[in-house]
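Novice: Dropping the structure in here first, questions after.
The values are calculated or read from the model by the stated rules, or taken from the named source; none is laboratory data. Note that this is a predicted model, so its numbers are computed, not measured. Glycine gets a Cβ as well: all are built from the backbone with ideal geometry, and neighbour counts include every protein chain shown.
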Amino acid sequence: MQPQIIRTWCALIFVLSFASPVTGQHLPDGAEDWYLEASDGVDLYVVEFGAAAAPGDTVVVLHGGWGAEHSYLWPAIIPLADRYHFVLYDQRGSLRSPAPDSTISLQRFVSDLEDLRRELGQERLTIFAHSMGSRLAYTYLRKHPEHVRRLALAGPLVPTGSPLGDKRKMRKVRKQFVQWAKKREKAEITEEGLDRDSLSDREKTARWRIGFAAGNIYHVERWHQMEGGRAFYNGDIAELINQNTPDSLRANQFETLRTSEVPVRVIIGDHDLADFGLVSWPAVADTLENVEITTLEKAGHNAWIDRPGKFRDAIRRALHASEE
C-alpha cells in the first residue's frame, strides 16, 4: 500500500466523505429487492430483509459515504434478522441508484427518505445509520421530527455545532490516528509478504484492502472480511452534496438533538476514525439527555468486525425501545 492511498482515505473522512467497504452484491436468502420511484422520478434501489414487518420492528438502514452503498452492512444486521425487519437502500447517486448530478443534495436525500417512509406505510421510522449516514439521520430528524421513532447510530459523525471538545486536541488526535493506521498497515503488509515492488493484480487488491482495513477496524489482521473494492464507491457524491446543499441545512445538528425527545443510541469503538480516542462523543452524550452511548474497546469504524458479539448486543439494546 502506497502512503498516498492512506492519505487519500484519511482526507476523505476528514472532509466528511469517507467511504466504507462492501461485502458484495449478492442478497441473503429471503431478501427482496425493488425500486422506489422518488418524487423527482429517480429510481432508488431498495432491499428488505428479516422478520415480518411491524411498526415497531421495521428498521430503515442508512449506509455511509457519501457515495458508498448498503451491502457492507449485511454482517452488522443479519444477526438481528430474527427480530427486526430491515429496509436498506442505496442513496441517490450511489452504486445501484444512479441520479443526475444536479439532484445530489442533502435536502434531496431527506426527501428520498421521506418518500421511502410513505411507501413503507410507516408513520414513524426507526433508523439505524452508520458513519456518514448519521448526517442524513440528523437532518431527517430536523426536517421531520414527527416521523422519527428512534435513532441507532454506529460510528456516527459528531454533530455539527457541538460546543464541546477542544478543536486543537481533535486535530492532534486525527494526526495520531493517521500515524496509528499507517503503522498497522505497514506491519500487516509485511506479515502478508506484500511489501514488494512487483505484485500481481490480485496481490495489489489485497494490499489495498489491508490499507482500507487499517483505517476501519482495530483488528487489521481481519482484512479479509473487508471484501469489495473501489468500484462500490462514488467519490463525487460528497463534492456534489457540498455544492448543492445550503450551509444552513448542515448547521447545528447538536441543537437538533438537544431539542428533540427522540431517543438516540450511539455505538462507537475507542479506535473509530469518526472520534478516535473518544475525545468528543462521551461529552456530547453526557450533555444531551436523550442520547446514550455504548463504547466498545479495541474496535474501529466497522465495529461489528472487531467485536461481533458486543456489537450485536449493543445494537439489540439500541433498537429494543423502538417496540411499541
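Novice: Given the residues 166, 101, 112, which is the only one that is crowded, with 20+ Cβ neighbours inside 10 Å, more than 19 Å from residue 293 (Cα to Cα) and either acidic (Asp, Glu) or not assigned by TED's automatic domain parsing to the domain that holds residue 285 (or both)?
Specialist: Selected residue: 112, the only one of 166, 101, 112 that is crowded, with 20+ Cβ neighbours inside 10 Å, more than 19 Å from residue 293 (Cα to Cα) and either acidic (Asp, Glu) or not assigned by TED's automatic domain parsing to the domain that holds residue 285 (or both).
Novice: Quick one: in the stretch 296-308, of everything that is assigned to a loop (DSSP other than H, G, I, E, B) and not hydrophobic (A, V, I, L, M, F, W, C), which residue is surrounded by the fewest Cβ atoms within 10 Å (Cβ to Cβ)?
Specialist: Checked the stretch 296-308; the qualifying residue surrounded by the fewest Cβ atoms within 10 Å (Cβ to Cβ) is 297.
Novice: Do you know which residues across the stretch 248-292 are among the aliphatic types (A, V, I, L, M) and more than 16 Å from the chain's Cα centre (by Cα)?
Specialist: 249, 251, 257, 262, 278, 279, 283, 284, 285, 288, 291
Novice: Got at least one residue in the stretch 72-81 being among the aliphatic types (A, V, I, L, M), assigned by TED's automatic domain parsing to the domain that holds residue 50 and assigned to a loop (DSSP other than H, G, I, E, B)?
Specialist: For the stretch 72-81, residues among the aliphatic types (A, V, I, L, M), assigned by TED's automatic domain parsing to the domain that holds residue 50 and assigned to a loop (DSSP other than H, G, I, E, B): present.
Novice: Name the one entry in 38, 53, 19 that is at pLDDT below 95, in contact with a strand residue (DSSP E or B) (Cβ under 7 Å, 6 or more places away or on another chain) and not charged (D, E, K, R).
Specialist: 53
Novice: Out of (1) part of a loop (DSSP other than H, G, I, E, B); (2) of a type in the set (Val, Ile, Thr); (3) exposed (fewer than 15 other Cβ atoms within 10 Å of the Cβ), the odd one out for residue 190 is which?
Specialist: For residue 190, the failing item is (1).
Novice: Taking the condition of being more than 20 Å from residue 236 (Cβ to Cβ), crowded, with 19+ Cβ neighbours inside 10 Å and under 18 Å from the mean Cα position of the chain (by Cα), how many residues in the stretch 78-98 meet it?
Specialist: Summing the residues that are more than 20 Å from residue 236 (Cβ to Cβ), crowded, with 19+ Cβ neighbours inside 10 Å and under 18 Å from the mean Cα position of the chain (by Cα) in the stretch 78-98 gives 3.
Novice: So, residue 177, is that one assigned to a helix (DSSP H, G or I), in the same structural domain as residue 132 (by TED's automatic domain parsing), surrounded by 14 or more Cβ atoms within 10 Å (Cβ to Cβ) and aromatic (Phe, Trp, Tyr) or not?
Specialist: When the stated conditions are applied, residue 177 does not pass them.
Novice: Here is a further query. Restricting the search to the stretch 101-125, which residues are more than 14 Å from residue 61 (Cβ to Cβ), touching a helix residue (DSSP H, G or I) at 6+ places or on another chain (Cβ under 9 Å) and either at pLDDT below 95 or assigned to a loop (DSSP other than H, G, I, E, B) (or both)?
Specialist: If the condition is that a residue be more than 14 Å from residue 61 (Cβ to Cβ), touching a helix residue (DSSP H, G or I) at 6+ places or on another chain (Cβ under 9 Å) and either at pLDDT below 95 or assigned to a loop (DSSP other than H, G, I, E, B) (or both), then 104, 105, 123, 124 are the ones that fit.
Novice: Looking at this structure, is residue 293 modelled with pLDDT of 95 or more and in a strand (DSSP E or B)?
Specialist: Criteria met by residue 293.
Novice: Within the set of pairs 6 or more residues apart or between chains, which connect a residue that is in the same structural domain as residue 307 (by TED's automatic domain parsing) and basic (Lys, Arg) inside the stretch 253-273 to a residue that is assigned to a strand (DSSP E or B) and at pLDDT 95 or above with Cβ atoms less than 8 Å apart?
Specialist: Pairs found: 265/150; 265/151; 265/152; 265/153; 265/291; 265/292; 265/293; 265/294.
Novice: Select from the stretch 197-225 the residues that are closer than 13 Å to residue 302 by Cα and not in a helix (DSSP H, G or I) and list them in ascending order.
Specialist: Within the stretch 197-225, 217, 218, 219 qualify.
Novice: Also: Here is a check on your reading of the model: is residue 185 out of contact with any Cys (no Cβ under 6 Å at 6 or more places or on another chain) and either among the β-branched types (Val, Ile, Thr) or modelled with pLDDT of 95 or more (or both)?
Specialist: Yes; evaluated as a whole, the condition is true for this residue.
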